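Data first, discussion second: the structure below is written as C-alpha cells.
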Amino acid sequence: MARRCARPDCHQVAATTLAYEYETSTVWLAPLSDQDHPMTHDMCEAHADRMSVPRGWQLRDRRDVLPLFGAEALAS
C-alpha cells in the first residue's frame, strides 16, 4: 500500500520525505524514503513544492540529490 501525504485532508500519494533538525534550524525535503519513520513526514509533491519554513530556519531541498535515509545517504 502506498504511503499518503501527512498533511491533514490530503489523500495524495507521498512523493517526498520531510525531516527537521532543531539544533541547526533546518528542514530537509528528500526523495521518499524506503521506509516510514516516526521522526519524518511523508508529503505529496504539491505540498512539498509549496513548503515554507519559520523565520530563522533554512529549507534544504535535496529531492534531486539523494534519498534522506537508505544506502546512498549512509555512504556519504
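In order along region 38-50, the Karplus-derived 3J(HN,Hα) couplings, from 6.51 cos²θ - 1.76 cosθ + 1.60 at θ = phi - 60°, round to x, 9, 10, 10, 8, 9, 6, 4, 5, 5, 5, 5, 9 Hz, and Gly and Pro are given as x.
Scaled to the compact-protein estimate 2.2 N^0.38 Å, what is the alpha-carbon radius of gyration of region 1-43, rounded to two decimal places?
On the way: Rg = 10.7 Å, N = 43, 2.2 N^0.38 = 9.2 Å.
Normalised Cα radius of gyration, region 1-43: 1.17.
Over region 8-70, what is the relative contact order in percent, taking alpha-carbon pairs closer than 8 angstrom and at least six residues apart? In percent, rounded to a whole number, it is 41. Seen from Trp57, the other residues with C-beta closer than 15 Å to its C-beta sum to a net charge of -1, counting Lys and Arg as +1 and Asp and Glu as -1. Extension gain for Ser52 to His11 (0.36 nm times residue separation, less C-alpha to C-alpha distance): 12.7 nm.
Every read-out reported here was derived from the displayed coordinates using simple, explicitly stated rules and does not represent laboratory data. Here the structure is a predicted model, which is why all the values come from computation and not from measurement. So basically every Cβ, Gly included, is an ideal-geometry build from the backbone, and we count neighbours across all protein chains shown.
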